[in-house]
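Take a look at the structure below.
The values are calculated or read from the model by the stated rules, or taken from the named source; none is laboratory data. Since the model is a prediction, treat every value here as computed from it, not as a measurement. Reconstructed Cβ throughout: ideal geometry from the backbone, glycine too, with neighbour counts over all protein chains shown.
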Amino acid sequence: MTSAALLSAEDTRTATVASTTVDMREDYSQYLTPYQTALLATSMMSDNIGPDHFKCLDLGAGTGILSVALAERYDNNVFVDGVELDSRLASIFDAELNRLGIAHKTINADALSAPIESDYDRVILNPPYKKMAADDPRQAALPVRSPNLYSAFLMLAIKALKPGGQCVAIVPRSWMNGQYFQAFREWMFDRVSIDAFHIYGSRTEVFSDTDVLQETMLLAISKDRQKVEVRVSESQDKTGEQTVNSYPFSCLVDEAGDKTVRVRPVEPAVLGKLKTLKEEGLCASTGKVVDFRSRNVLSFDFKEGLHRLIYSCNFSDDGFKHPVKEGKAQWIDCSAEKQRKQLIGQVASLWSSVSLQKRSVAESRPIP
């Protein structure tokens, strides 16, 4: 049964979401954790009581719901350091944990710049999901270069754990494969045990009240030697029934190759036949226009000066057709600099790339 404290923390979270603008959420990449996900995240940690008080770290603490779930998990035998960049949320975090009687310290700072010790029993985090520029000065303090803020936060979490300490992170699944995150995976596998995954079938449910579309997972790790078995659970959404399996680590991770991670084993007969896109001479693109983040400049109807927005649905065995009625906006306003940078070549050059994409591109030739 969910505690009154956690339900109260959920009320604070939902009120904060309702009072926060979309622009502010996007600036901070701020998607606050629902209580159901917070409960599941903390349930993935060990039952071991350990010391009188666990020293805990909440990176990107938000309104404090993950810290409240941690306190509930360990009968309030915790002391939480909450690190939060947004001063408004840091104040809410501090007030919430004071009100609930949870011992803590509030650190209103950038987690990637703040001095953080390496003696935490538990670390929990729902980090920002946002690209990290190669020339970001904070890259210099990271053990390996990070393509995204969330993997930078994960490296910080791992460094903060004491030997035997445990961490659960709410992150996208993109770290599991591809060249961008290969250095991160190699660094991580040398330092922690991958203990468990929880995979969601729906990309919209976990952060449904903040309109984020993301293949989200829960990752449980410990600062220890790699365990033989990895627990893999799945549910369609944050409240759905779970299916649970355990697989050998060696069947999920390509240890001899690029450290690709799978959520279920591949049949041995198939494994030897799989090649990367690079080995096949292909280059993948996810599309320069992410439509759900660009709704204010998209249009289903043509207006003068708009550019064509091209999806895979604009191609068929009969060739290219635009516009089409497939539930996708067909036009984009590229008058602003941000959108002008997203324009790419003309339709004639797009056949191979668009047919491989799940997202969309905007044609550089304006429509008169």
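Residue-wise test of (1) hydrophobic (A, V, I, L, M, F, W, C); (2) modelled with pLDDT of 95 or more; (3) under 22 Å from the mean Cα position of the chain (by Cα).
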site: A69; (1), (2), (3): yes, yes, yes
site: D94; (1), (2), (3): no, yes, no
site: P115; (1), (2), (3): no, no, no
site: M132; (1), (2), (3): yes, no, yes
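Filtering the stretch 293-308 to residues that are at pLDDT 85 or above and under 33 Å from the mean Cα position of the chain (by Cα) leaves N296, V297, L298, S299, F300, L306, H307, R308.
Reported count of residues in the stretch 301-342, each being crowded, with 18+ Cβ neighbours inside 10 Å and assigned to a loop (DSSP other than H, G, I, E, B), is 6.
Please determine whether any residue of the stretch 49-57 is part of a helix (DSSP H, G or I), in contact with a strand residue (DSSP E or B) (Cβ under 9 Å, 6 or more places away or on another chain), closer than 30 Å to V230 by Cα and at pLDDT 95 or above. No: zero hits. Criterion applied to N177, N148, N126 was being within 24 Å of E255 (Cα to Cα) and touching a residue at least 60 places away in the same chain (Cβ under 8 Å), and the one residue passing it is N177.
What about T276, is it of a type in the set (S, T, Y), at pLDDT 70 or above and either in contact with a helix residue (DSSP H, G or I) (Cβ under 9 Å, 6 or more places away or on another chain) or farther than 30 Å from P34 by Cβ (or both)? First the steps, then the outcome.
Details: of a type in the set (S, T, Y): yes; at pLDDT 70 or above: no; either in contact with a helix residue (DSSP H, G or I) (Cβ under 9 Å, 6 or more places away or on another chain) or farther than 30 Å from P34 by Cβ (or both): yes.
Taking the combined requirement at face value, the residue does not satisfy it.
The residue that is farthest from I107 (Cα to Cα), counting only those in the stretch 64-92 that are of a type in the set (D, E) and not in a loop (DSSP other than H, G, I, E, B), is E72. Of all residues in the stretch 80-94, those that are among the hydrophobic types (A, V, I, L, M, F, W, C) and under 19 Å from L154 (Cα atoms) total 3.
Out of A61, A41, I need the residue that is under 19 Å from A160 (Cα atoms) and in a loop (DSSP other than H, G, I, E, B). Which one?
Values: A41 fails: in a loop (DSSP other than H, G, I, E, B).
One residue alone meets the criteria, A61.
Please verify whether A9 is in contact with a strand residue (DSSP E or B) (Cβ under 9 Å, 6 or more places away or on another chain), over 22 Å from L112 (Cα atoms), in contact (Cβ under 8 Å) with a residue 24 or more places away in the chain and buried (at least 16 other Cβ atoms within 10 Å of the Cβ), treating the condition exactly as stated.
No.
Taking the listed residues D136, D75, D119, the one that is surrounded by fewer than 16 Cβ atoms within 10 Å (Cβ to Cβ) and in contact (Cβ under 8 Å) with a residue 40 or more places away in the chain is D119, with no other qualifying.
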